[in-house]
1. Any chance you could count how many residues in the range 305-335 are part of a helix (DSSP H, G or I), open to solvent by 20 Å² or more (accessible area, probe 1.4 Å) and in contact (Cβ under 8 Å) with a residue 40 or more places away in the chain?
2. Would you call residue 961 assigned to a helix (DSSP H, G or I), over 18 Å from residue 206 (Cα atoms) and open to solvent by 20 Å² or more (accessible area, probe 1.4 Å)?
3. Among the residues in the range 175-189, are any under 29 Å from residue 954 (Cβ atoms), at pLDDT 80 or above and among the hydrophobic types (A, V, I, L, M, F, W, C)?
4. Residue under question is residue 663, and the condition is that it be under 30 Å from the mean Cα position of the chain (by Cα), part of a helix (DSSP H, G or I) and touching a residue at least 24 places away in the same chain (Cβ under 8 Å); does it hold?
5. Can you confirm whether residue 361 is of a type in the set (Gly, Ala, Ser), free of Cβ contacts under 8 Å to residues at least 24 places away in the same chain and assigned to a helix (DSSP H, G or I)?
6. Could you tell me whether the range 346-355 includes any residue that is touching a residue at least 12 places away in the same chain (Cβ under 8 Å), of a type in the set (A, V, I, L, M, F, W, C) and under 30 Å from residue 971 (Cβ atoms)?
7. Of the residues that sit in the range 394-432 and are in a helix (DSSP H, G or I) and farther than 15 Å from residue 380 by Cβ, which one is most open to solvent (accessible area, probe 1.4 Å)?
8. Considering the range 934-956 alone, what residues qualify as being within 38 Å of the chain's Cα centre (by Cα), within 13 Å of residue 984 (Cα to Cα) and open to solvent by 30 Å² or more (accessible area, probe 1.4 Å)?
Amino acid sequence: MAVQERVHLVFVHGLFSSAKVWKAFHTLISTDPELSDWVTVHRFEYDSPFVRLRPDRRVAETDDVADQLGTFLETRLAEAERIVLVTHSQGGLVVQRFLARKLWNGGGAELARIKHFTMFACPNTGSGFFLTVRKYLKVWRNPQEQQLRPFDRAVTEAQRTVLSAVVHARAYSDQECPIPVRAYGGSSDEIVPPVVARGVFPKGGVVTADHFSIVQPADRTQDSYLAVRRALLEAAQGTPPEEEFAPLPLGPAPTRPLSPAEASGRPSLPPPAAGELDLAPFPPPPYGQLDEGQFKGQDRLSLAASLLSGQSAQQVHVLAGLGGSGKSRLALEVADRAQRAGHRVWWVSMPELNLRMRMMAHDLGAPSIAVERAWLLGNSMDLVWKLLNDCPDPWLLIFDNADDPARLGPRDGLVSDGTGWLRKPQNARGTVLVTSRVRRQQTWGDWSAVHQILPLHEDDGASLLLERTGGLGGTNEDARRLSRELGGLPLALRHAADAIKAVNESHVSLDSDIRDFETFRRTFAARAETSADQAGPDLSELLGREIVEKVCGIALDLLRRRESAGSATLLKVLACLSIAPIPYRCLLSGPTLGQSPLFPGATPARIHAALTGLEDFGLVDAYQREGVAERDLAHVLTLHPVVHGVLREDEEVRDRSADYYGLAVRMVLSAAHARNPDHPSNWPLWSALAPHAMEVSRACLLGELKPSDRTVRTTALELARLTARYLIAMGLLTPAYDLVHPLIEGCASFGFDRDDREILGLRHEQGRILLEGEQLTRAEDELRQVVEARTRILGENDADTLASRHKLARAINEQDGDRQKEEQVEQMLRSIVEAEQEVRGPEYYDTLVVRHTLARALLTLGRNGEAEAEARQILDISRRNHWPPSTPEILRVRETLAYALLRQGRHDEAERMIREALRDASQPADSNLVMRLRYTHVTVLLPIRGRTSEAVNKLRALVRDLDRVVASEHPLSRHARAMLEQLDREMPG
């Protein structure tokens, strides 16, 4: 190719390494006839010795190295117009930090000359390797190693910026700069496993290498070399690939030939082959809430210190106390101290329990195939606790707001049994912290230490009031009296302080006597029938709730007088949702609010004003979540559980449940509109919405305040169905079943019949749950009933009926059956394909999924030529519609085609087909799909003359990898081991 501009390639080495690691790359590029004339290689080096030999030479922290890199680029490459950055291991963190710091300082324009960024074996979700090294190097204090701790706050902070302002950037500005970023992992890397190296970055892959050989290619055919070569060629062309980084069109899109499916107006793309949501970095605790003021209470400070001192006889601690007593704030203080001390910290909010524990399994290094199997078989709790007990580093696990302890127990036992999510660590380095209103020791078991969190002393409460109001509320004595009146509850004190501050800073004249601590105290006393002598340690849960209720009532009254009546109504609507973080930008941005009788004349400006009022008066906590790429999902707000409960009991909410809960349901459903829950690219949104969808659906259908409006109930059923689809797609089968089964069984209580189409939708999802859970007989029974009912109500060829017919055929086909039954399945599938082609079109994704099931049924019948023809037609359509070759379903079709070729004796073709599928797979090397493709590769190699030894070696490697990542009873492991044992018996020597 003719290159007009020189490209400067900058290599950045990793921890305990040097520029010498790039020697092989440098040699290959300088002798590559297609690159050497226009590529200049630079090796950026920084100080990172393994052992400190000279104390006067401080090992630079990652920020310092990032700034050194910036200086290197500004001085050594001042005239360079095209730069490609390639990194190894921690070098990727250095570049991420460099990019983030530039963007934070408004230097986005300076990054425009960086045309590509490629990472090899970067610990994008934290590497456990140096956590093991720490066992041998007791005095290790390298600050760069601290950056390698999983989810170090600085690394997460930089990664969030790179994702949002580089990877997903759409324009060049001071705050963003689109740069193609690719992350690669080595298939046999035991230091930074491929799933860790890929992290949250959507582009990249897995290459055949370990942690060190990945940057030491032997020749120009190595995948790592080809990846760098591709980056250089893209940089030389002057523009990144259009499909990855083209800006959003401002006018009519440029014309291009339409695919047949697009021309018909139907979707032409399958679900994107994106990474799993549970492979994303585990989100850090809500550290932003630490900015609300100094931690108060000497007894609390002492407890926080003792929990991490190692002197406690217990490793499981329950912080129990009144709602609003500051349990979560105390836990957050402990989390922050633990993180600063080098602990791994996981913060699990109860509404997100299942997803967070699955993400935690990945974070602890569990292979994808092991996680998938554990959640499928229902032994996920055992898997996570085995990983925790084997963790070599000190760690802290926090379950926040566990007011229903049963959720932390086993499905068939008590939390005190110690066999559920909450257990006593067998690892001396582990600590578990639970916040709950439940104080009974018997509930938690004698292996837990229950700490009662008492209200603040009046002096500490007064200090909180004075600091939070900025001195606007009055004297110390006034503050003490108000603190005593409010029972020392931190939540009530915060709300009171925020209300007083908002009143004083308001430019609007309020019809209220409240101006300071004393006037607030008198207003509160007039509403409450309690006296000061009831406050203090003997404060009851009921009284504590009443205090918070009165304080909230005062704040809402003040908002109404400030002509912000919409704030009070909005707060009540938000209380209909879950206590999980609320992605308010997604929920409030559409027209739904304005269509409700609760918000006549709503405009974006009025909604913003209502939100601002709630935040000013401290009734909601708004903050930005770390590590979330999508901006609308990063901005969330929370309600304290006590405020949440108080507002749900509000008289207006109870009287107008159809309006309040109906709006909440419609808001969530509108936010998820056209965002298919089966598509991985939509999972981040569904992850944020799912806790609210489940909460509001159950409230509308099974709760005490079931709205009388049937339309609201119908909408809630649709929301529950879509949420179940998301949970199934994520492999969270137990939560999906727990959602749909009670709704199906209790449908008569909210006015529906089991054969109503809305309930049939839930029953279809229940059949899918049973099918994916390998309960094939039960799945067949359920789906057969659904098919019969849907056929009777909707017709045989309705899209919903066809979907159920397909799942039924799958349930039958995956069971061991006789020839007659297998032929019946084939006929079923042929009729479904014919109908799908008429209803949805021949190139619709779902149509091709059914055709693939048909191809596999033909294989079962031994009609290999017909199976081959079906598979090839599917692949032709996928190429014509530009589907990524890494799409999971397409990889499975190629596997089916390989078996069809193998059974026809076309061994070389079969081997080539499966080898190319393995090359194109972008899934983690330890995923079930890739492991299965490896098994198929062995199967097709064995009959090829002269390649038996190669097949046996690959089979031994597969068995070894399976033994490492899954239990011996895993079906794939059993088949692979049985094949190896048979070969060992039959092969000579």
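The values are calculated or read from the model by the stated rules, or taken from the named source; none is laboratory data. Fair warning: this is a prediction, and the values are worked out from it, not measured in the lab. Don't worry about glycine lacking a Cβ; one is built from the backbone with ideal geometry, like all the others, and counts go over all protein chains shown. Ligands, DNA and RNA are excluded from the accessible area calculation, which covers all protein heavy atoms including side chains. Shrake-Rupley method; radii C 1.70, N 1.55, O 1.52, S 1.80 Å.
1. Within the range 305-335, the subset part of a helix (DSSP H, G or I) is 305-307, 327-335.
Now restrict to residues that are open to solvent by 20 Å² or more (accessible area, probe 1.4 Å): 305-306, 328-329, 333.
Still in the list and also in contact (Cβ under 8 Å) with a residue 40 or more places away in the chain: 328-329, 333.
Residues that pass the stated criteria total 3.
2. So residue 961 fails the test.
3. yes
4. Values: under 30 Å from the mean Cα position of the chain (by Cα): yes; part of a helix (DSSP H, G or I): yes; touching a residue at least 24 places away in the same chain (Cβ under 8 Å): yes.
When the stated conditions are applied, residue 663 passes them.
5. Values: of a type in the set (Gly, Ala, Ser): yes; free of Cβ contacts under 8 Å to residues at least 24 places away in the same chain: no; assigned to a helix (DSSP H, G or I): yes.
No.
6. Initially, the range 346-355 is screened for residues touching a residue at least 12 places away in the same chain (Cβ under 8 Å), giving 346-355.
So of that shortlist, the ones also of a type in the set (A, V, I, L, M, F, W, C) come out as 346-348, 350, 353, 355.
Subset that is under 30 Å from residue 971 (Cβ atoms): 353, 355.
Looking for residues that are touching a residue at least 12 places away in the same chain (Cβ under 8 Å), of a type in the set (A, V, I, L, M, F, W, C) and under 30 Å from residue 971 (Cβ atoms), one finds at least one in the range 346-355, hence yes.
7. Of the range 394-432, the ones in a helix (DSSP H, G or I) are 405-408, 415-417.
So of that shortlist, the ones also farther than 15 Å from residue 380 by Cβ come out as 405-406, 415-417.
Details: 405: 16, 406: 70, 415: 10, 416: 34, 417: 86 Å².
By that ranking, first place goes to 417.
8. 953, 956
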